[in-house]
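The values are calculated or read from the model by the stated rules, or taken from the named source; none is laboratory data. Not measured: the values here are computed from a predicted model. Please note: Cβ atoms are built from the backbone with ideal geometry, for glycine as well, and neighbour counts cover all protein chains shown.
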Amino acid sequence: MPARTSSPSCGRRAAMSESLAQRAAALDAADELAGARKLFALDEAVYLDGNSLGALPAHVPDRVADVVNRQWGQLRIRSWTEGDWWSAPERIGDRIAPLVGAAPGQIVVGDSTSVNVFKAVVGAVRLNDDPARTDILVDATTFPTDGYIASSAARMTGRRIVPVDPADLTSALGPTTAAALVNHVDYRSGRLHDLPGLTAAVHEAGALAVWDLCHSAGALPVGLDAHGVDLAVGCTYKYLNGGPGSPAYLYVAERHQASFDSPLPGWTSHADPFAMTPGYEAADGSTRGRVGTPDILSMLALEAALEVWDGIAIETVRAKSLALTDFFLECVDAYVPAGRVTSLTPAEHASRGSQVALRCEDAPRVMETLTARGVVGDLRRPDVLRFGFTPLYVGFADTERAARVLAEVLAG
Ligand SMILES: *Cc1c(COP(=O)(O)O)cnc(C)c1O
């Protein structure tokens, strides 16, 4: 954020606060997504942690109660077929598909993101199985689990990990690259990486691109098919509001499905699982990415949660997300005395995800106090305050209040 030479006087700050609050009210009044907020169970707190755990859609508890009481309690085993439990991983994958720009039949839901990173990275190396391609490039600033799992995948496939800053990815690519695992949005800084450009560069080098969409799916358009992504993974409990630990997903582009060789070929990915044969024969399509019995309670909570997206275009969500993060940065700049926080979030829209990360001295105490005062973000140790903006249920007045309370906490 631009440096300011002096902090505003009290009188000026009060006047600014009034005008920013007025602007917020006008922006909320014009917001075409404002109506979505009532679909969620929220209280008066400003919830800016939907990039860690999305809020509960209000209709989900009744749906989960039906799954437990009727489908499990009364129908019992019949629900696997009559209730379509069996096909839930593919069905829910097809519901997520339009949000990430994928045609149906390429996404399967199940397992954690960590497990899907493993399937995708090993799968990518096996799809590009040339012994001269010894390297797996991994986003050096990645969420740790992706790096840990990719390292293990490299050891198992006889490759080596090459950590690279996504900004330097293009120059690191070459004839020894087998695959690159990159985050679409960096979990710490909120930086958005150039998925179309980097995917094209990876292909130019003869390698495969694996994208982690944890911090972009549900916040901005991804365009998996349009940009020729090979494989992708993502979680559903952040911007997709699936609930704590809800199952993740795996995207395998249709052109790779017939050759995709899963490192976890469990029985539910078999072409004929109920034949119970000793020999493995992979199913066609996205089903090949399945492993074992789907976690139905979580999965059907997720399926219900995804209904909040009915009729909502991801482009509209992106436009509001950028307006919210712009407005938050503006309010922080106006309210917070100069030098107290430094934004790690790129100013350019093309490089910004849906969160604002502020470096701040004494960040743990600041976040604790903020949370106690009803502004809930989170902390990335040692000194980063993270504020996630979820356009379906965060508004502009919330945003102004968050910045105002932050300034009060820092002044206090
Ligand atoms: C949230 C997140 C994960 C979470 O992985 P789990 O297996 O669900 O614990 C992984 N990678 C990234 C980039 C994330 O943001």
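General remarks:
- For region 151-168, the criterion of a residue being within 21 Å of the chain's Cα centre (by Cα), more than 10 Å from the ligand (Cβ to nearest atom), small (G, A, S) and surrounded by fewer than 24 Cβ atoms within 10 Å (Cβ to Cβ) is satisfied by at least one position.
- Restricting region 107-138 to residues that are of a type in the set (D, E) and either assigned to a helix (DSSP H, G or I) or more than 16 Å from the chain's Cα centre (by Cα) (or both), the residue that is farthest from the ligand (Cβ to nearest atom): D130
- Failed criterion for P391 (all others in (1) surrounded by fewer than 22 Cβ atoms within 10 Å (Cβ to Cβ); (2) outside any helix (DSSP H, G or I); (3) not polar (S, T, N, Q) hold): (1)
- Applying the condition of being part of a strand (DSSP E or B) and within 12 Å of the ligand (Cβ to nearest atom) to region 176-193 and asking which residue is farthest from the chain's Cα centre (by Cα) yields L181.
- None of V100, V68 is touching a Ser or Thr at 6+ places or on another chain (Cβ under 9 Å), touching a residue at least 12 places away in the same chain (Cβ under 8 Å) and outside the structural domain of V405 (by TED's automatic domain parsing) except V100.
- Take the conditions (1) within 28 Å of the chain's Cα centre (by Cα); (2) within 20 Å of H270 (Cα to Cα); (3) among the β-branched types (V, I, T); T81 misses just one of them, which is (1).
- Taking the criterion of being modelled with pLDDT of 95 or more, under 19 Å from the mean Cα position of the chain (by Cα) and basic (K, R), the residues of region 351-397 that qualify are R352, R386.
- The residue of region 344-387 that is farthest from V405 (Cα to Cα), among those that are assigned to a strand (DSSP E or B) and touching a Gly at 6+ places or on another chain (Cβ under 7 Å), is R352.
- Search result, residues across region 194-222 that are β-branched (V, I, T), within 16 Å of the ligand (Cβ to nearest atom) and farther than 30 Å from L33 by Cα: V210
- Residue in region 95-104 that is farther than 21 Å from A201 by Cβ, over 20 Å from the mean Cα position of the chain (by Cα) and within 16 Å of the ligand (Cβ to nearest atom) present: no
- Of the residues making up region 41-64, those that are of a type in the set (A, V, I, L, M, F, W, C) and in contact with a Ser or Thr (Cβ under 9 Å, 6 or more places away or on another chain) are A45, V46, L48, A55.
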